[in-house]
1. Does residue 71 meet the test of being within 16 Å of the chain's Cα centre (by Cα) and under 17 Å from residue 8 (Cα atoms)?
2. Checking residue 85 against (1) outside any loop (DSSP other than H, G, I, E, B); (2) surrounded by 14 or more Cβ atoms within 10 Å (Cβ to Cβ), which single condition isn't satisfied?
3. Looking only at residues that are in a loop (DSSP other than H, G, I, E, B) and either under 12 Å from residue 11 (Cα atoms) or touching a Ser or Thr at 6+ places or on another chain (Cβ under 8 Å) (or both) in the stretch 88-121, which one is most open to solvent (accessible area, probe 1.4 Å)?
4. Suppose we keep only residues that are assigned to a loop (DSSP other than H, G, I, E, B) and either within 18 Å of residue 5 (Cβ to Cβ) or at pLDDT below 95 (or both) within the stretch 15-28. Which one would you say is most open to solvent (accessible area, probe 1.4 Å)?
5. In the stretch 45-52, is there at least one residue being open to solvent by 60 Å² or more (accessible area, probe 1.4 Å), under 16 Å from residue 114 (Cα atoms) and over 10 Å from the mean Cα position of the chain (by Cα)?
6. Can you find even one residue in the stretch 56-73 that is of a type outside the set (Asp, Glu), open to solvent by less than 20 Å² (accessible area, probe 1.4 Å), in a strand (DSSP E or B) and within 24 Å of residue 1 (Cβ to Cβ)?
Amino acid sequence: QVQLAESGGGLVRAGGSLRLSCAASGRIFRINAMGWYRRAPGKQRELVAAFTSGGSTNYAESVKGRFTLSRDNAKNTVYLQMDSLKPEDTAVYYCHSLITEDWRFSGKDYWGKGTLVTVSA
């Protein structure tokens, strides 16, 4: 079984920074994609940033130039550096990964439990 462990959320003032981490553990043959989504109050979940299975990095337009996604492949971990935070970035941030556990089978989607980021004005 695969687990995603998130950390790094919290309360910060507008203009501040936070760094989220997500570590995948368990039975992992290959990580095909990994990144972050968020759900703001009253809104649908949306992509924030992710490494795709095609090898590219996607960012939501609203975070381009402010957020940076990076990874440590040896640790099966991705990091989301969030700078110049705005109140509208307030949301629960969820780590997502598409992981292949066994080379004979297709990858599966896994989600973390979520970490709350609150940006005060």
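1. Numbers: within 16 Å of the chain's Cα centre (by Cα): yes; under 17 Å from residue 8 (Cα atoms): yes.
Yes.
2. (1)
3. Taking the stretch 88-121 first, the residues in a loop (DSSP other than H, G, I, E, B) are 90, 101-107, 112-114, 121.
Now narrow it down to the ones that are either under 12 Å from residue 11 (Cα atoms) or touching a Ser or Thr at 6+ places or on another chain (Cβ under 8 Å) (or both): 90, 106-107, 121.
Working: 90: 34, 106: 98, 107: 34, 121: 120 Å².
In this case the residue turns out to be 121.
4. Initial filter on the stretch 15-28 (assigned to a loop (DSSP other than H, G, I, E, B)): 15-17, 27-28.
Pick out the ones that are also either within 18 Å of residue 5 (Cβ to Cβ) or at pLDDT below 95 (or both) and you get 27-28.
Values: 27: 129, 28: 46 Å².
Filtering first and then ranking leaves 27.
5. Yes, the conditions are met somewhere in the stretch 45-52.
6. no
The values are calculated or read from the model by the stated rules, or taken from the named source; none is laboratory data. What you are looking at is a predicted structure, and each value in this text was computed from that prediction instead of being measured. Neighbour counts run over all protein chains shown; Cβ positions are idealised from the backbone, glycine included. Only protein heavy atoms, including side chains, enter the accessible area calculation; ligands, DNA and RNA are left aside. Shrake-Rupley method; radii C 1.70, N 1.55, O 1.52, S 1.80 Å.
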